[in-house]
1. What residue, among those in the stretch 1-60 that are of a type in the set (Val, Ile, Thr) and buried (at least 19 other Cβ atoms within 10 Å of the Cβ), is modelled with the lowest pLDDT?
2. Before we move on, is residue 84 closer than 30 Å to residue 104 by Cα, over 20 Å from the mean Cα position of the chain (by Cα) and either assigned to a helix (DSSP H, G or I) or in contact (Cβ under 8 Å) with a residue 40 or more places away in the chain (or both)?
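The values are calculated or read from the model by the stated rules, or taken from the named source; none is laboratory data. It should be emphasised that the depicted structure is a prediction, and the values quoted were computed from it without experimental measurement. Cβ atoms come from the backbone with ideal geometry, glycine included; neighbour counts cover every protein chain shown.
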Amino acid sequence: MAWWIWIIVGAILLAAEAVITADFYLVFFGLAGLLVGLLGVCGLHLPAWVQWLLFAVLAVAGLVLYRGPLKRKLAKVDRAMGPELIGEPASAQAAIPAGARGRVELRGTAWDARNDGDTDLAAGARCLVKGVDG
């Protein structure tokens with residue numbers, strides 16, 4: 001395949017990862033496509049079967065070696081965000097009885113929440129984040 005096709009395929013896969021939540025699978029396929037394309041740009045002309053094999057090996061190696069550590073590192077960043085959410089206002093997406101769990105909107109994103117108050121929250125009711133668990 002021509003080098004520019006690999007570059008386009010790699011860019012499309014990276015863009016797809018950004019648009020849809022593919023849980024860091026498409027990133028490694030996109031990077032593998034870009035790397036195979038860059039080999040062609042550098043003047044290394046390989047047969048199509050070698051290009052496909054290299055693409056597959058790079059993508060799988062990236063998944064195996066880097067996906068887990070990357071996800072763990074990003075999960076630590078999410079957990080570190082907890083203290084800054086305390087005191088933030090949220091709104092209930094549906095009615096949440098006292099002591100029950102439900103969904104709230106916070107900073108434009110839906111979150112699982114527990115109503116620790118003694119009164120029920122009506123749909124659309126404003127509430128405050130008192131703690132973060134997970």
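1. First, pick out the residues of the stretch 1-60 that are of a type in the set (Val, Ile, Thr): 5, 7-9, 12, 19-21, 27, 36, 41, 50, 57, 60.
Cutting the leftovers down to buried (at least 19 other Cβ atoms within 10 Å of the Cβ) gives us 9, 27, 36.
Details: 9: 96, 27: 93, 36: 97.
For the stretch 1-60, the residue satisfying everything is 27.
2. yes
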